[in-house]
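Since every read-out is calculated from the coordinates, none of them should be taken as a lab result. Since this is a predicted model, take the numbers as computed values, not measurements. Ideal geometry is used to build each Cβ from the backbone, glycine not excepted, and the neighbour counts take in all protein chains shown.
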């Protein structure tokens with residue numbers, strides 16, 4: 001239950017080679033985002049180390065790769081990836097699945113750690129919104145957010161390699177938003193729907 | 001929703017905040033603005049979501065951890081961090097600024113800079129500077145930042161320039177090539193956060209902000 005594999009069928013790979021990926025994001029049998037949320041709940045409510053190990057094995061190598069691509073040496077990236085995972089455990093009760101996917105939450109922790117270690121700087125964060133993490137999030141909001149996150153990931157995955165590389169580089173600190181917009185176009189439509197969703201959610205809560 | 005803010009930072013700067021490539025003083029400006037502006041907060045959270053998708057995408061480069069990394073992390077797992085009270089300011093300074101000042105307005109160490117104007121430098125990294133400005137009602141804003149890029153956000157009162165009116169939460173992005181003289185509105189003394197980087201020209205802001213020299 002706690003493990004998953006990423007497999008792509010041969011026919012889908014063929015479709016990719018033939019350039020169909022942009023028309024139809026490839027379907028993959030992978031750990032659905034909802035599973036990561038269940039894992040986070042197991043960590044939060046039961047301090048479940050098996051669930052933690054599953055998240056670790058998927059995300060820790062990604063965080064280490066992200067930190068190395070951002071300019072950290074391998075040993076520093078290793079140390080920080082471990083720190084990020086410890087933070088995930090210690091702050092599991094602060095994770096809000098109606099506002100972020102598990103991957104997004106991990107990205108923000110890793111980014112802040114990167115600023116901390118590579119620049120020796122604090123990263124100012126906006127103040128908290130007027131609702132707390134202890135309020136149980138609305139399940140419809142959680143579902144909408146996770147579906148949107150899955151679509152976003154699929155859209156990025158479906159990009160031609162060169163364009164996807166640009167997006168990655170931007171988050172590794174190499175490219176501006178405008179350069180991405182000029183050179184890809186596609187994910188920005190998805191970003192815009194994500195913004196609408198976020199605004200709707202804020203309006204809903206702040207009424 | 002707070003729809004009273006009419007002047008926002010550019011999308012490029014909000015993106016750079018999400019990607020983590022701005023100097024500390026500009027991060028402080030954006031964090032303070034997001035504390036007051038739900039629209040820009042939603043935009044930044046959306047950029048964060050793209051960052052999450054990038055981290056999670058199958059194509060993203062991974063780096064295997066050392067043998068025994070998981071067990072050494074498992075050994076470090078501890079009790080959950082205590083739940084902190086919500087970090088939310090009821091004062092004039094949003095929480096990110098209070099963290100730098102050590103409190104709200106009463107904790108600011110103002111220094112006079114002439115004509116009734118006072119300022120307080122905030123401790124950020126040297127890549128850019130941040131300060132609070134206190135401008136008496138009706139007085140002209142000090143002439144500043146003409147060698148570089150400057151962003152000014154109103155925290156109390158308001159100021160006006162030739163074309164626009166800036167109130168709490170509004171961000172003015174000054175272009176040093178344009179002569180203009182903002183004046184504090186007569187209604188109240190004006191308090192602003194100003195961040196500047198003398199090495200940055202306004203038009204070249206984004207590409208240069210994204211250059212590696214900020215990643216020391």
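Rounded, prolate or oblate for the stretch B:11-75? Axes are the square roots of the Cα gyration tensor eigenvalues, ordered a ≥ b ≥ c, and the cut-off for rounded is a/c under 1.5. Note, shape of the stretch B:11-75 comes out prolate. The modelled label-to-label distance for the pair residue A:165/residue B:104, using points 7 Å beyond Cα in the direction of Cβ, is 5.3 nm. The label-point distance for residue B:39 and residue A:49, in a model that sets each label 7 Å from Cα toward Cβ, rounds to 5.1 nm. With a 10 Å cut-off around each Cβ of A:150-162, the average count of Cβ atoms from other chains is 3.
Kindly state, to the nearest 0.05, the FRET efficiency for residue B:90 paired with residue B:66, given R0 = 30 Å and r defined as their beta-carbon distance. Working shown, then result.
Numbers: r = 47 Å, r/R0 = 1.57.
Taking R0 as 30 Å, the efficiency between residue B:90 and residue B:66 is 0.05.
Exposure proxy shown here: for B:65, A:152, B:121, the number of other Cβ atoms within 10 Å sets the order, fewest to most, as B:121, B:65, A:152.
In terms of surrounding Cβ atoms within a 10 Å radius of their Cβ, B:76, A:164 rank from fewest to most as B:76, A:164.
Available extension along the chain between residue B:75 and residue B:160 is 24.8 nm, counting 0.36 nm per residue and deducting the alpha carbon span. Per-residue shielding of A:76-83, expressed as the average number of other chain Cβ atoms within 10 Å of the residue Cβ, stands at 3.
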